[in-house]
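Beneath this line is the structure, given in structure tokens, with notes to follow.
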Amino acid sequence: MATQAIVKTTCPRDCYDACGIIVKMASDGAVSVVGDPNHDMSRGKLCGKCSIAYNGVWRSKTDRLTTPLKRVGPKGSGQFDEVSWYDAISEIAQRLHSIIATDGGQAILQTHYTGTCSLIAGLFPLRFFNRIGATEVDPDTVCNKAGHVALQLAFGESTRGFDPRTVSSSKCVLIWGANPSASAPHVHEHWVARSGVPTIVVDPIRHATAEAADIHLQLFPGTDAALAFAMLAVIKSARKLDRDFLARHCIGWDDIEPQLDACTLSWAEATTGVPAALIEKAALLYADGPSLLWMGQGFQRQTFGGNAMRSVGLLPPATGNIGKLGAGFLYLNGWDARGVDGGYLSASHLNADPQSVSHMDLAARLESGETKALFTWNNNIAASSPEQARLRQALRREDLLQVTVDLFQTDTADYADFVLPAASFLEFDDVVMSYFTHSVSAQVAALPPLGDALPNQEIFRRLAAAMGLTDPELHETDDVIIETILSQARPGLDFKTLAAAGTMYVPEDPNVQFASHDYRTPSGKIEMTGTQFVEAGLPSAPAPLSERRPALGEYRMLSPASEWLMNSSYANDGKIARRLQMCEAWLNPSDAETIGVKSGNRLQVSSKTGSIELSVGISSAVPAGVLLAPKGQWPKASASGANINVLNPGEKADLAQSCAVHSINVTLAKSQIAT
């Protein structure tokens, strides 16, 4: 195609990569979205799922929502009439006024997450909800809340991680419970694989990153704390504990060390399923350092998720792998680590008494009638939240005002009274901050919004105006917010300069995590034990706990991210949907033989809350006793009208009312009809 114009922008999706994008527009109107060849992450190509979606359904005038809709049929039927923005906003505002006057703002529930991770579109709507006193469904409880809180209690924060650029000074990279090959394919290819640093991967699944690692510790799900304690015991026995660091910078080690004597290699192998020799080899490699520890979100989605995160988090301080070049840990790198004030972005000061509920309690909350209105934006709860059947029944309440903001007519949107069309990231300016690198990137509008679609922030500005809310925070323009964000992150930086560069780093030079040992805890030290843990519902000290193995005839189900989806995003693209339907779950060959299924057969999967039929593949990458069934498909695209969350009972981890989705046990049977 003859290129007429090129726009450089950034992908703001829920991914570690934050890739640079080039949008090419031809004189004949054709558009091509490709990776920026000059961006140090994308290096000229997008990951497979983004390349398909951004050149497919993302720009489809028939698939995208282009005008506001008002429900005319039963909830869940997907029957709507088109209405004007004025009529939709006016009626929503009128009904919200009535609810607030009668029941108060807390009767309005709002749920959101990472449908876009750009700063304004992802956070500005919170200004509106803070102003009216709405109740938030805590977004992190469906994903990574236990890990955040565990690290905050121990280190004072969870979003100031290592700078990946310091890997050149490392002698070991330990990746625990993350799968970059699926959730960060560019990091997998350009950072993990090409760093030249010995890599250890801890994961139940032998995915591509684990396959390429120098050491793969393939533990059984739910045994992470036991493995961490076993590694600490090896390190102690080899006299590689950094006792000077522990004495100067830590509180509570004396309550942990006595537990190590029982954590022998033979015990660890029997508990975790990892060969003793590999545990020993990995522990010594990590201890020698300097070493980087990447703590993924997957392993804290278990019954003992908080304890697991605390236990793994002992490794850096126990070995002195903090506060020096080439060492440190990463959970997520947040905007606060780049100087951006999240309170400013969300106008948190507008809500003096913020209320929240866990995603694990969402279905029950909606059933109770206590909630009179529900806003869903940047997420798809009918696909992604637990207790799927119960939740969808609760969404059928005729007395519940539901407003959904989205790019597409999702399962959640089918239950809405009003569906408001959102613009995609290709259609407005914003700022993107990777949660892996210490970068700041420009999201530049490359295309006009489809139809009458609007950015999230403009939708809520209009709603605030219709409700007569005059607070300046609710009407601040994108240009002013962008200017403020950039001045906080890098004084003197303007959007034009950032857009020309695409991506910049804050700071410019590689940064050492906790270089000044400025731990933001009450003591100013790393607090491994203490009353704060007890107050949060945990024992004072972490322990080498492991989950009970599934009973005879049961299997542990893991439902991580699919390599073809971004949570539930992209599942409605035809090309991706066909890939997903080829195989929906995987079993170890020995389990497949026991059940009597072959690759391509249909498998009936059941839990105490539901049942679903899935096409099954056979893979030795999955350990015996485990079913691997990636999340994210749209329920309405399935013949059963459900996805993997129909099996999720919404049970909570040991901390922060977070999810324990990787602790679900299921029964398996060959379907009566095989493919």
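The values are calculated or read from the model by the stated rules, or taken from the named source; none is laboratory data. Just so it is clear, the structure is predicted and the values come from calculations on it, not from any experiment. Every residue, glycine among them, receives a Cβ derived from its backbone with ideal geometry; neighbour counts consider all protein chains shown. Keep in mind that these areas ignore ligands, DNA and RNA; they rest on the heavy atoms of the full protein, side chains included. Shrake-Rupley method; radii C 1.70, N 1.55, O 1.52, S 1.80 Å.
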If you work out Kirkwood radius over Cα pairs in Å from the coordinates, which of [x] 26.9; [y] 25.7; [z] 27.5 do you get? [y]
Taking a ≥ b ≥ c as the square roots of the eigenvalues of the Cα gyration tensor, with a/c under 1.5 meaning rounded and otherwise prolate when a/b exceeds b/c and oblate if not, the stretch 529-582 is oblate
In square angstrom, rounded to the nearest 10, how much accessible surface does Lys670 have for a 1.4 Å probe? 90 Å²
Dipole of the chain, Cα-centred, from +1 at each Lys and Arg C-beta and -1 at each Asp and Glu C-beta, to the nearest 20 debye? 1360 debye
I'd like the accessible area for Arg131: 1.4 Å probe, protein heavy atoms, all chains in place, Å² to the nearest 10. 90 Å²
Through the Karplus equation 6.51 cos²θ - 1.76 cosθ + 1.60, θ set to phi - 60°, convert the phi angles of the stretch 432-439 into ³J(HN,Hα) values in whole Hz; use x for Gly and Pro. 10, 10, 4, 9, 10, 8, 8, 10
Tell me, what HN-Hα J-couplings in whole Hz come from the Karplus equation 6.51 cos²θ - 1.76 cosθ + 1.60 at θ = phi - 60° for each residue of the stretch 22-39, using x for Gly and Pro? 10, 9, 9, 10, 8, 5, 8, x, 5, 10, 10, 10, 9, x, 6, x, 9, 8
Just how large is the dipole of the stretch 310-411 about the Cα centre, in debye to the nearest 20, putting +1 at every Lys and Arg Cβ and -1 at every Asp and Glu Cβ? 360 debye
Roughly what % of DSSP beta bridges within the chain run antiparallel, to the nearest 5? 50 percent
By accessible area (1.4 Å), largest first, Arg160, Arg390 order as Arg390, Arg160
When we measure straight from the Cα of Lys45, which aspartates and glutamates land under 20 angstrom away, once same-chain ones fewer than 8 places off are left out? Asp14, Asp17, Asp36, Glu189, Glu563, Asp573
If each part is reduced to its alpha-carbon centroid, the stretch 135-165 and the stretch 436-455 end up apart, in Å, by 26 Å
Roughly how far apart, in whole Å, are the Cα centres of the stretch 177-211 and the stretch 482-509? 30 Å
For Arg43, what accessible surface area do you get with a 1.4 Å probe? Give it in Å², rounded to 10. 110 Å²
Taking amide H atoms as placed 1.01 Å from N in the peptide plane, list the residues 5 or more away in sequence, or in a different chain, whose amide H sits under 5 Å from that of Ser619. Leu587, Asn588
Explain nothing, just the number: relative contact order of the chain, from Cα pairs under 8 Å at least 6 residues apart, as a whole percent. 21 percent
Expected output is a single nm value to one decimal: the length gained when fully extending between Glu508 and Thr66, i.e. 0.36 nm times separation in residues minus the C-alpha distance. What is it? 155.0 nm
Mean residue ellipticity (222 nm) of the chain, computed from DSSP H runs ≥ 4 via -39,500 (n - 2.57), nearest 500: -7500 deg cm²/dmol
Sort out for me the Cα centre separation of the stretch 82-105 from the stretch 525-539, rounded to whole Å. 44 Å
Work from the charge dipole of the stretch 1-82 (Cβ charges, +1 for Lys and Arg, -1 for Asp and Glu, about the Cα centre) and give the residue of Ile21, Thr66, Ala5 farthest towards its positive end. Thr66
Students sometimes get this wrong: rank Thr412, Thr497 by accessible area, probe 1.4 Å, all chains present, largest first. Thr497, Thr412
Roughly what would the spin-label model give for Arg248 and Ala364, points 7 Å off Cα along C-beta, in nm? 4.8 nm
Sorting Met25, Met467 on solvent-accessible surface, 1.4 Å probe, most exposed first, gives Met25, Met467
Peptides ranked, highest mean first, by Cβ atoms within 10 Å: ranges 423-434, 297-308: 297-308, 423-434
Output ³J(HN,Hα) for the stretch 187-203: one whole-Hz value per residue in order, computed from phi by the Karplus curve 6.51 cos²θ - 1.76 cosθ + 1.60 with θ = phi - 60°, and x for Gly and Pro. 5, 4, 6, 9, 9, 5, 6, 10, 6, x, 9, x, 10, 10, 10, 10, 6
